[in-house]
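One structure is given below, encoded as structure tokens.
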Amino acid sequence: MRFRAELVKGTTPSLVLALLAERPMHGYELARAIQERSAGALALGQGVLYPTLHRLEREGLIVGSWEARRAGPERRVYRITPKGQAVLADGRAEWAAFADVVGRFLGQQQPMQAPSA
């Protein structure tokens, strides 16, 4: 299932922070991890991922550094900061509460009840 762009765009920063909380990653690795973990439902192109990384870096939630490789060009590897960890923790709590509330409306359908007489 593919999701509407506005849903993906709104959750991309949280997805990136959650992955970087696990370990440092470069951009292509982040995109691949998001696609694999979502079973292909979320496929972020450069036009979505890199602006998100740059914004998170400007906000001090992640830091990037250039790392040399044995073969190939340098690549920028991103790490979550303590501020990013705090924002991620808040985001997880907010997401759990939001999912609970929305689930009350969009979760399992309740059977129709006959009107009271």
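Coordinate-derived values only; no laboratory data. These numbers come from a predicted model, not from an experiment. Every residue, glycine among them, receives a Cβ derived from its backbone with ideal geometry; neighbour counts consider all protein chains shown.
Would you mind working out the magnitude of the charge dipole of the range 5-93 relative to its Cα centre, with +1 at each Lys and Arg C-beta and -1 at each Asp and Glu C-beta, to the nearest 20 Debye?
With only Lys, Arg, Asp and Glu charged at Cβ, the dipole is about 180 debye.
Below 8 Å, C-alpha to C-alpha, sequence gap of six or more: please give me the relative contact order for the chain in percent.
Relative contact order of the chain: 25 percent.
Using DSSP to define loop residues, name the trypsin sites (Lys or Arg not before Pro) in the range 1-65 whose beta-carbon has at most 15 other beta-carbon atoms within 10 Å. Working shown, then result.
Values: sites: ARG2, ARG4, LYS9, ARG32, ARG37, ARG55, ARG58; in loops: ARG2, ARG4.
Here the sparse-neighbourhood loop sites are ARG2, ARG4.
Helix 27-37: angle to the longest alpha-carbon principal axis of the chain, degrees 0 to 90, nearest 10?
The angle comes out near 30 degrees.
Positive end of the charge dipole of the range 5-93 (Lys, Arg +1 and Asp, Glu -1 on Cβ, about the Cα centre): tell me which of ALA89, GLY40, GLY72 has its Cα farthest that way.
GLY72
With everything on Cα atoms, drop me the angle between helix 46-58 and the longest principal axis of the chain, reported from 0 to 90° to the nearest 10.
Value to nearest ten degrees: 80.
Under a plain spin-label model, where a point goes 7 Å from the Cα along Cα-to-Cβ, how far apart in nm are ARG37 and GLU6?
2.5
Considering the Cα trace of the range 5-93, what is its radius of gyration and what is Dmax, both in angstroms?
12.8, 41
Under 5 Å between amide hydrogens, which residues at least 5 positions from MET25 or on another chain qualify, with H placed 1.01 Å from N in the peptide plane?
Residues meeting the criterion, in which the H sits 1.01 Å from N, are TYR78.
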